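Just so it is clear, none of the values below were taken in a lab; they were calculated from the coordinates. Because the structure is a prediction, the values reported are computed rather than measured. All Cβ positions, glycine included, derive from the backbone under ideal geometry; neighbour counts span all protein chains shown.
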Ligand SMILES: [Zn+2]
């Protein structure tokens, strides 16, 4: 009996020793990438990127309002939204596969920051936004472009991103749609960039396939706009 007990004890100690070795080996293996230089690196690179670009936009635009941001993974919806109650931005993980670079993400975040800044004007403003959602969507697109440019990003990427994710509702003027048609939003952004940031139209980003797709699909509207601008420019030169 005594011998049996001591044998059992030996087996348990041996088992614990072997388990301890293997557990220790796993721990060492998992930990080899961590050092003092990357200790504070977040586990999610996507979260890190969102936080970095968000802070860069807030700081370079010297915004005096607090706007927080979270990466929301509970839903795979392709969306990002601004919340009135807590002035927070929710970036849904479902939208990330459609974002190709920092510039596109910067537009997405800038657009939502623009909504949050409007929310800071109080409940009456929020109510007005509810009544005229399309007007405020356009405003957020254009203010968003201003903020992203100030932070050093290329505004052409706003069109590249929108060309992938914006929906094309049946009508622009219809109460059931809170957002203008995607094509209308992109043409409005193009006109804004043309007048305010013309150098962006000569950047390499205009070769982006999504921007090219926008140019093809909105050819009629762009040609009409460019022709009108050209005529107005000639008129101004004649009057000089
Ligand atoms: Zn919006």
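Quick notes on this structure:
- Sorted from longest to shortest, the spans of the Cα atoms of the chain along the three principal axes equal 112, 42, 37 Å.
- Counting every alpha-carbon pair across the stretch 30-163, the share separated by more than 25 Å comes to 28%.
- Cβ crowding within 10 Å ranks 120, 153 as 120, 153, fewest other Cβ atoms first.
- Alpha-carbon centroid distance for the pair the stretch 124-150 / the stretch 67-121, whole angstrom: 14
- Taking every alpha-carbon pair under 8 Å whose residues sit at least 6 apart, the stretch 99-239 reaches a relative contact order of 23 percent.
- Taking other Cβ atoms within 10 Å as a rough exposure proxy, 185, 236 sort from fewest to most as 236, 185.
- Sorted by Cβ density within 10 Å, fewest first, the residues 214, 39, 119: 39, 119, 214
- Protection proxy ranking of 110-116, 220-226, 155-161, 82-88, by the mean of other Cβ atoms within 10 Å over each peptide's residues and highest first, is 155-161, 110-116, 82-88, 220-226.
- Gained length - residue 35 relative to residue 169, 0.36 nm times residue gap less alpha-carbon distance: 43.2 nm
- Calculated diffusion of the stretch 131-240, Stokes-Einstein form, Kirkwood radius summed over Cα pairs, 37 °C and 0.692 mPa s, µm²/s: 220
- Angle in degrees between helix 2-31 and the longest Cα principal axis of the chain, rounded to the nearest 10: 20
- Label point distance in nm, residue 207-residue 52, each placed 7 Å from Cα along Cα→Cβ: 2.5
- Residue-averaged 222 nm ellipticity for the chain, from DSSP H runs of 4+ at -39500 (n - 2.57), nearest 500: -20000 deg cm²/dmol
- Pairwise FRET efficiency - residue 238 versus residue 131, Cβ, R0 = 51 Å, nearest 0.05: 0.70
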